[in-house]
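Any read-out appearing in this document is the output of simple, stated calculations on the displayed coordinates, not a laboratory observation. This structure is a prediction, so every number in the text was calculated from the model and none was measured. Note that each Cβ is placed from the backbone with ideal geometry, even for glycine, and that neighbours are counted across all protein chains shown.
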C-alpha cells in the first residue's frame with residue numbers, strides 16, 4: 001500500500017497518511033455508494049461502527065488520561081452516540097451490549113499511532129454528514145443518525161487533527177501513516193462482514209470480507 005518504511009523521513013505527515021490510506025479509503029467510499037440505503041443497512045453500519053469505536057476509544061482514553069495525547073479528546077468520543085442511535089432504531093439495551101467488537105483493529109499505544117487513528121475517526125465525521133443526509137432521505141429517523149456527525153464542532157476537530165499530523169516528520173510521521181493504513185484496512189474488512197441473516201452480497205460495503 002505504499003507505506004513509508006521505518007526511519008525514512010517524509011515531506012509532510014498529512015501527505016504520507018493520505019498516500020498510505022488511499023486504497024482502503026477508496027474502497028470504503030465506493031462500497032458506501034454501491035447499494036441503496038435503508039434502515040436495515042443503516043443499523044448494520046451502526047452495529048459495526050460500535051464494534052470499532054469501543055476498543056479504539058478505550059485505547060485513546062488511556063493515552064489522553066496519561067497525558068500522551070495532546071488533543072481535545074472528550075468531544076471526539078462517539079461510542080455513546082452510536083449506542084443512542086441504535087436504541088433509536090429499536091435495538092434493546094441488551095442487544096446493543098451483546099454486539100461483537102472488531103478483533104483485528106490495531107490499538108494505539110503512542111501519540112503518533114493515536115494521530116493515525118484520529119485521521120480515520122475525525123475524517124469519518126465529515127463523510128458521516130453525507131451518509132446522514134442519504135440515510136434521512138431514505139427514511140431513517142434523524143434520531144438514529146446523530147453519531148455520524150458527532151458532537152458539534154466536527155470540522156474544527158478535523159482541522160486540528162490534520163494540522164497535528166502535518167507537523168509530524170521522520171519516524172513519527174511514518175509510524176502515523178502505517179497505523180492509519182492498518183486501521184483503515186481493519187475497519188474496511190470489519191464493515192464488509194455481512195449483517196446477521198444476510199449473505200455475502202448483503203454486506204455494508206458491497207464486497208465480501210477476506
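Some observations on this one:
- Coarse-grained scattering of the range 60-134 at q = 0.12, 0.20, 0.24 Å⁻¹, given as base-10 log I(q)/I(0) from a Debye sum over alpha-carbon atoms: -0.44, -1.06, -1.20
- Normalised size of the range 87-202, defined as Cα radius of gyration per 2.2 N^0.38 Å with N residues, equals 1.23.
- A straight line joining the Cα centroids of the range 148-185 and the range 74-136 runs 15 Å.
- Using a simple spin-label model with pseudo-atoms 7 Å out from Cα toward Cβ, residue 15 and residue 101 lie 3.8 nm apart.
- Taking the range 66-200 and dividing mean pair separation by its residue count, relative contact order in percent (alpha carbons under 8 Å, at least six apart): 36 percent
- Fewest-first ordering of 32, 184 by other beta carbons within 10 Å of each residue's beta carbon gives 32, 184.
- For the range 1-153, the convex hull drawn through the C-alpha positions has a volume of 127 cubic angstrom per residue.
- Segment residue 169-residue 126, length gained on full extension (0.36 nm per residue, minus Cα span): 12.9 nm
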